[in-house]
Every structure is written in structure tokens, then in C-alpha cells.
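These notes are about the structure you will find just below.
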Amino acid sequence: MNSIVKPKILLSVKDIYEIDKVINYADIIDLKNPNDGPIGSWDTENIREVIRAYKNINFSATLGNLKDLSEVKKKLPVFDSLGLHYIKIGCFCKSIKDLDKFLKFFKDTKTSASIVLVFFAENQKIINSLDKYFETFINYNIKDIMIDTKNKSSKGLLENLTLNKLQKILSRCHKSEISIGLAGKLQLSNLINLLFLNPNIVGFRGAICKTEDRNSDICLKKVKNLFQSINFEISKAQEVAGACIEA
């Protein structure tokens, strides 16, 4: 059994007022508009305001629900000029041919921010093909990916993908030294299963909102509870892993 390593915690915020609620509990603060689809984006001026106001914070931002590669090409340089640490770009490809074209764009794309490619759990055709693309990821210098859910009003990540399938994907990521994040209606009850998968990042929004509706405001009490629960489960998981190794 592999040792259990604490993942980075990514918490998504919808406006600047929510940042202070998560700033002491998040490794990465994700600037995302939950009212605009799975990876709706902030306005660039609001992102600039945040970057100016908060120093030494790892910020990520979603590029938006861009389904046309030409839109990605146009918007990416603008976001890359904002001073973000990570830029999340959704893969809305419906076919392998589209995926090949989408990934090829990143081969010669140079950015200051780290690009995180977001794959959606509901897109089984693409998810089932990921295993064939790790060599491509390496050759194209793609070092960060995330698996999230596209339909936020439906099933969560662990309802769309089995733990066995996720384990295979994460195992291949670790072997290829590609960082992988997991998100998509993750709940406290999912923590122990998630932690044993050893993701590099776990992302939350709905679980820290007042009504568990991702469009509602963040609840500080829930943020603290999530943070404490992750630390507790990590400690417990490490004890279990240690006991198995000793045995």
C-alpha cells in the first residue's frame, strides 16, 4: 500500500468577499463563477483586483465554458497576463479527433501560469481514453489535469466514476509525474475513499456553501469543518497504511 499524502485543498470562491472565509484553509483559491456552468469565469478586472489585493496566495481561475478552441486561443493570453498561478481550461471535446486537436494546441503554448486541463467525468469516451494520452501529456509538457463533473445538478464524481477506474487513472498520473486534482460535488462522506486514491489536489465548492448549493454563499463553519475533517482523515489513513506496511 502506498503512503497517504495530504492533498492540496482547492476551494472555489464566487467573489472577492468570500476569499477571507477560505484564505486560512485553502492551499489554492479558485476564482470561478458557479452561476455560469461548470467552469464559468470571473471578469478579468475582478481577477486583477484580487491579485493586487492579496499577495503570496496561490490563485487559480477558470477560463470559462469555452467549447471552441479559437476562443481558448484568444482568451488564454489575457488570463495569463493577470498573474495567476493556475489557469483551468475545460476539455469539452466530444470525439477523439477533437481531443487530439485540442491537446496539440498546448504542445507549443508557453504560459507563465500552470495550465490545468479539466476533463469531465460524464464524458466516458474521453475519460476511458485518457490512459492512451499520458505519453502525449508528457511530450506536450502538460503537467496538471483535473477530473470534475460537468452537470452540477446531477451526479457527483464518485457516482460517475468507480473508485477502481479513478485508481487506475491516478496511478498512471503518479507514474508519469502528472499532478491530478479531483472535484465534482465531493462531500465529507467521500473523504476517506478520496484520500486513499492519493490525489494531488481535492476541490470543493458546494460542500462549503450554506445550503450545499454551489450558487449560495460560503459558510465559514463548513470551511473549518472540512479542513479539520481532511486533517483527521489523513492522520487516520496514514495510521492504517502504516499498520498494513508493518504487517
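The values are calculated or read from the model by the stated rules, or taken from the named source; none is laboratory data. For clarity, every value in this text was computed on a predicted model and none was experimentally measured. A quick note on method: Cβ atoms are made from the backbone with ideal geometry, for glycine too, and the neighbour counts reach across all protein chains shown. Heads up: the accessible areas ignore ligands, DNA and RNA and are worked out on the full protein's heavy atoms, side chains in. Shrake-Rupley method; radii C 1.70, N 1.55, O 1.52, S 1.80 Å.
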| query | At q = 0.15, 0.22, 0.23 Å⁻¹, what base-10 log of I(q)/I(0) does the Debye formula yield for region 1-117 when every alpha carbon is treated as an equal point scatterer in vacuo? | reply | -0.70, -1.24, -1.32
| remark: Neighbours of Val223 by Cβ distance under 10 Å: Lys/Arg at +1, Asp/Glu at -1, summed charge +3
| remark: Of the listed links Lys75/Lys168; Lys168/Lys221; Lys125/Lys152, those spanning more than 28 angstrom between alpha carbons are Lys75/Lys168; Lys168/Lys221
| task | Measure up Lys143/Lys236; Lys8/Lys222; Lys55/Lys110; Lys97/Lys132 against 20 Å on the Cα-Cα distance and list the ones that go over. | result | Lys143/Lys236; Lys55/Lys110
| said: Would any residue of region 180-200 have its amide N under 20 Å from a label point 7 Å out along Cα→Cβ of Lys6? List them or say none. | reply: 180-183, 187-200
| note | Rounded to the nearest whole number, the Stokes-Einstein translational diffusion coefficient of the chain at 25 °C and 0.890 mPa s (Kirkwood radius, C-alpha pairs) in µm²/s is 133
| remark: With every protein chain kept in place and a 1.4 Å probe, the chain has an accessible area per residue in Å² of 49
| remark: In cubic angstrom per residue, the convex hull of region 50-157 built on its Cα atoms measures 116
| query | What is the gain in length, in nm to one decimal, between Lys74 and Lys97 on full extension, counting 0.36 nm per residue of separation less the C-alpha to C-alpha distance? | reply | 6.1 nm
| field | Kyte-Doolittle mean at least 0.0 and Cα axial length at least 30 Å: DSSP H helices in the chain | value | 220-246
| Computed [θ] at 222 nm, deg cm²/dmol, the chain (DSSP H ≥ 4; -39,500 (n - 2.57); rounded to nearest 500) | -11500 deg cm²/dmol
| said: Over the chain, with a Gaussian network built from C-alpha contacts below 10 Å, which listed residue (Ile234, Ile138, Ile126) shows the highest mean-square fluctuation? | reply: Ile138
| In terms of Cα to Cα distance under 12 Å, which aspartates and glutamates are near enough to Lys32, apart from those fewer than 8 places away along the same chain? | Asp15, Glu18, Asp43
| query | What is the projected area of the convex hull of the Cα atoms of region 40-89, averaged over all directions, in nm²? | reply | 3.2
